[in-house]
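Everything below concerns the one structure shown next.
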Amino acid sequence: MNEILNVLYQSDDNYAPQTGVSMTSLCINNKELSEINFFVLDDDISEENKARMTEVVREHERSLTFVDTASIRERLIELGVNPYKGSYTTYYKLFGISEIPTKNGFLLQIDGDTIINSSLRGLFDLEFDEDTIIAACYDCVANSYKELIGISLEDSYYNCGVLWINQKNWNKFRCEQQVIHHLGNVRNAYFTVDQDIINTLFGSHIKAMSPRFNFNSGFYLYGVKNSFYIYNLAEPYYYSQQEIMDAMAAPIIDHCMGAMSGRPWEQHSFHPMNESYEHYRSLSPWKDVPLVLVKRSLIFRIQKALYRILPKYLYAFLHKYAVKRYLKAANKDLLAASSLAGENNA
């Protein structure tokens, strides 16, 4: 079978080492695929990091194309969109999908904070009907958050760190044009940015896939039962606890989500994916790049201390309360910061 995997990353220079390590893990664990074509939405990645990414794909006899994003950035500025944490990078996928030259019409969009543990061949077995644009995994987020962005509590909400995209349907439903209209006329500031936009606009066109393809590392930290309690997760809008436990036994992609543990590429981290990340970093051109020193807030340090000293069930109780308050306050601030005020932001 001629299995062609087209892969889309987006990165600035700060995130290039993490993205490169993810690319390394993908190449190492997918040698059996006949063709892998990487596309990187380039937000001012340095020539040094571009050279290292190129080294990865050449070593594994794959292809790599850097996609200039200057025109996308200009469009976002024209639409009055504020940078997210000082950068527009996370928005780029919304504007980069339509014109990627895929040979088979399918595109794997994947965030750089991922580790690919095994073959992605199973993606080719997923079936799309004429109305399905994307296959994605449910997101482990507080269920109450959905109401803040106009999604019913009973509807599913998807994580957009890993998207298996039917490019033909993306273009057929004019998804990029819908995004432009939404950012320019409805709302242009969200907590999870591109993820909220995709869920708000295209949720009914998303097919759920196994959590093995985008496994949330928070389950390792909090445990499955506590995570379901913290975020109020339940069927039918989320997986069953058994499905999560089965996926945990053999995740295809681990998503290294942020938490009080720190991230695997940070100094003083105790993230559950530290060992796995370090393994692939040691096999990558970034093995000589030191881990990042991150200055944490007092609240973060208190949270970290509580996690380490409290029984997990008690920590889960406090975390559940804190998450709900934090998301509500953050969403309120984003609405106030949006350049689109009034009834559209209600």
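What fraction of the Cα pairs in the chain, stated in percent, has a spacing above 37 angstrom? Across the chain, Cα pairs with separations above 37 Å total 14 percent.
The local environment of VAL162, defined by Cβ-Cβ distances under 12 Å, has a net charge of -2 under the rule Lys, Arg +1 and Asp, Glu -1. Per residue, the Cα convex hull of the stretch 254-298 amounts to 72 Å³. Comparing ALA135, ALA189, ALA259 in a Gaussian network model of the chain where C-alpha atoms under 10 Å apart are linked, the largest mean-square fluctuation is found at ALA259. The listed peptides 147-156, 176-185, ordered by packing as a protection proxy, come out as 176-185, 147-156 (highest mean of other Cβ atoms within 10 Å first).
For the stretch 15-128, the extents of the C-alpha atoms along the principal axes are 44, 38, 22 Å, listed from largest to smallest. Rolling a 1.4 Å probe over the protein heavy atoms of the stretch 1-155, with every protein chain left in place, gives an accessible area that is 43 percent carbon and sulfur. Among the protein heavy atoms of the stretch 180-309, carbon and sulfur supply 57% of the accessible surface, probe 1.4 Å, non-protein parts ignored. With protein chains left intact and a 1.4 Å probe, residues in the stretch 204-302 average 49 Å² of accessible area per residue.
Here the stretch 113-143 and the stretch 237-316 have alpha carbon centers that stand 21 Å from each other.
Each Lys or Arg adds one and each Asp or Glu subtracts one; over the other residues with Cβ under 12 Å from the Cβ of LEU107, this totals +2. Among 93-101, 6-14, the peptide with the highest mean count of other Cβ atoms within 10 Å heads the list, and the full ranking is 6-14, 93-101. Evaluated with a Cβ-only charge set (Lys, Arg +1; Asp, Glu -1), the chain carries a dipole of roughly 1280 debye about its Cα centre, given to the nearest 20.
In the context of the full set of protein chains, residues of the stretch 50-112 present 50 Å² of accessible surface per residue (probe radius 1.4 Å, heavy atoms only).
Given the pairs LYS146/LYS225; LYS50/LYS93; LYS85/LYS207; LYS225/LYS304, which are separated by over 23 angstrom at their Cα positions? LYS85/LYS207, as the Cα separations exceed 23 Å there.
For the stretch 165-324, the Kirkwood hydrodynamic radius from C-alpha pairs, put into Stokes-Einstein at 10 °C and a viscosity of 1.306 mPa s, yields a diffusion coefficient of 86 µm² per second. Value of Rg to Rh for the stretch 211-305, rounded to two decimals, is 1.02; Kirkwood radius and Rg both from alpha-carbon coordinates.
Neighbours of ASN199 by Cβ distance under 9 Å: Lys/Arg scored +1, Asp/Glu scored -1, total -2. Remark: C-alpha extents of the stretch 250-346 on the principal axes read 52, 36, 32 Å, sorted largest to smallest.
With the highest mean first, a sort of the peptides 196-207, 312-323 on other beta-carbon atoms found within 10 angstrom per residue produces 196-207, 312-323.
The values are calculated or read from the model by the stated rules, or taken from the named source; none is laboratory data. As the structure is a computational prediction, the values presented were derived from the model and not from experiment. Every residue, glycine as well, gets a Cβ built from its backbone with ideal geometry; the counts of neighbours run over all protein chains shown. Note: accessible area is taken over every heavy atom of the protein model, side chains too, but ligands, DNA and RNA are not part of it. Shrake-Rupley method; radii C 1.70, N 1.55, O 1.52, S 1.80 Å.
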